[in-house]
Amino acid sequence: MSDTTFEVRTPDWLSLEAATRRILSQAVPLETETVRAAASVGRALAEAHVARATLPPWDNSAMDGYAVRGDDISGAGPSSPVLLTVTGVLHAGDAPTQSLDSGQAIRIMTGAPVPPGADCVVRVEDTDAEVRPGTLRVLRDRDVGRNIRPAGEDMQLGAPILDAGHSITPGTIAAIAALGLDRVEVIRRPTVAILPTGDELRTVDRYEEVRAGAGVPESNGPMLAAMVQSASATPVGGKIVPDDTATLRSVIQSYTEADVLVTIGGASMGEADLVKRVLDQVGFRQDFWRVRMRPGSPFGFGWLPREGRDQAVFSLPGNPVSAFVTFELFVRPYLLALGGHSNVFRRTVRCVAGDRLSGPADLTYFLRVSLDGSTVPPTARLAGPQGSGLVRTLAAADGLGIVPGSATEIAIGDPVDVVLIDDAPACGAFAPSATA
């Protein structure tokens with residue numbers, strides 16, 4: 001190692017909001033491609049879509065029951081039933097072959113087209129279900145004017161349905177299928193080169209060395225590869241790079257084709273923190289370094305020239321929690337923006353603090369919390385010790401509780417905003433409010 005002195009750099013100390021704006025203002029969506037609709041979940045639509053048909057195409061029944069005229073059953077009750085003649089039956093997919101006259105009923109199934117002349121559907125349980133075949137006794141009139149789904153209730157021909165930038169979910173797939181599309185134009189997934197660095201890191205095949213105290217587990221690379229995939233991007237690389245200038249430079253240069261480079265560790269000012277120095281050697285232009293947050297303040301962002309284009313470079317701290325938090329707050333939104341998504345931020349929910357939550361003055365603090373969904377609003381409690389090198393709490397956390405720099409403490413019972421991570425599956429079943 002040629003340089004074994006502490007590096008002195010002037011930090012920018014951007015606010016969280018300023019850093020986010022700086023990053024996202026430079027995110028330009030990638031090119032488009034056509035994919036099968038069934039394989040498009042997680043992608044962003046590259047173009048808007050309008051309804052290609054009126055759906056449903058005709059008035060249809062919302063119930064299994066009988067199509068009737070409301071005037072005929074008005075006033076019906078258990079002691080004053082209305083008698084109607086059943087003249088036919090309609091199933092979903094049938095076309096009406098007869099209209100309904102006064103005093104008549106047609107047996108109808110959910111989704112079947114409503115016959116001309118009918119203006120409501122009486123549910124089976126409000127009738128005697130034709131105890132005498134062909135004769136119907138209607139015992140209640142609560143369905144007058146009800147249980148018919150009008151034509152075009154879902155989609156009107158030519159009406160806007162999906163916007164460009166819409167993130168495709170399983171629910172979106174239903175809408176795409178209803179539009180009669182089997183292929184859609186989407187934005188290409190970004191590719192992300194992951195660069196873990198450090199002589200002390202050990203992969204799972206060398207775990208015996210960890211057990212012997214001769215290294216630490218390499219958890220950042222696998223974690224960030226999974227986070228990249230959850231942001232609808234494609235991870236590449238991920239092999240540990242030793243603290244060696246020549247090797248580090250060679251590996252960085254090998255990731256020319258990636259849309260984004262994410263370095264892990266070597267981003268602070270220690271003797272062996274070589275990443276920034278090597279990046280400088282290959283033309284790196286730093287946009288900013290350090291953000292007023294914890295964990296993750298030694299975070300950096302900039303650009304590396306790559307054969308006629310610039311590659312975004314995110315320099316993440318080496319502590320696993322710091323790497324996790326900075327990826328969530330900065331890298332993930334940028335990747336989603338590159339992928340064309342309109343909505344790039346995680347949901348934030350207002351909770352109640354179940355523990356005392358504290359942070360350093362003048363820094364926005366993000367605490368790993370678990371959520372108790374049995375209360376309304378949910379209760380946020382610390383997921384465990386909050387050291388930035390402790391990975392167990394990452395598995396236990398449902399979200400990141402925010403202690404703003406303007407408030408160094410949130411007391412038990414006070415409101416706290418929580419950034420949800422993933423789908424927060426451990427937050428419990430929905431708890432209805434007391435007034436529901």
Test: residue in the stretch 118-130 that is free of Cβ contacts under 8 Å to residues at least 12 places away in the same chain and assigned to a loop (DSSP other than H, G, I, E, B) = yes
What are the residues in the stretch 390-407 that are in a loop (DSSP other than H, G, I, E, B) and farther than 12 Å from F366 by Cα, if any?
-> L390, V391, D398, S406, A407
Which listed residue, of L261, L224, L274, is modelled with pLDDT under 90 and surrounded by 15 or more Cβ atoms within 10 Å (Cβ to Cβ) = L274
Inspect the stretch 145-161 for any residue being among the aliphatic types (A, V, I, L, M) and more than 45 Å from the chain's Cα centre (by Cα) and give the result as yes or no.
-> no
Scan the stretch 31-66 for residues that are β-branched (V, I, T) and either farther than 26 Å from I106 by Cβ or under 21 Å from the mean Cα position of the chain (by Cα) (or both) and jot them down.
-> T32, T34, V35, V41, V50
Out of the stretch 192-203, which residues are over 19 Å from L279 (Cβ atoms) and in a strand (DSSP E or B)?
-> L201, R202
State which residue is nearest to E33 (Cα to Cα) when the search covers only the stretch 150-195 and only residues that are charged (D, E, K, R) and surrounded by 18 or more Cβ atoms within 10 Å (Cβ to Cβ).
-> R188
Just for the stretch 204-221: of the residues that are assigned to a helix (DSSP H, G or I) and β-branched (V, I, T), which one is surrounded by the most Cβ atoms within 10 Å (Cβ to Cβ)?
-> V210
Sole residue being in contact (Cβ under 8 Å) with a residue 60 or more places away in the chain and surrounded by fewer than 17 Cβ atoms within 10 Å (Cβ to Cβ), chosen from G103, G65, G75, G88 = G75
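The values are calculated or read from the model by the stated rules, or taken from the named source; none is laboratory data. Computed from a predicted structure; not experimentally measured. Methodologically, a virtual Cβ is constructed for each residue, glycine included, from the backbone with ideal geometry; neighbour enumeration extends over all protein chains shown.
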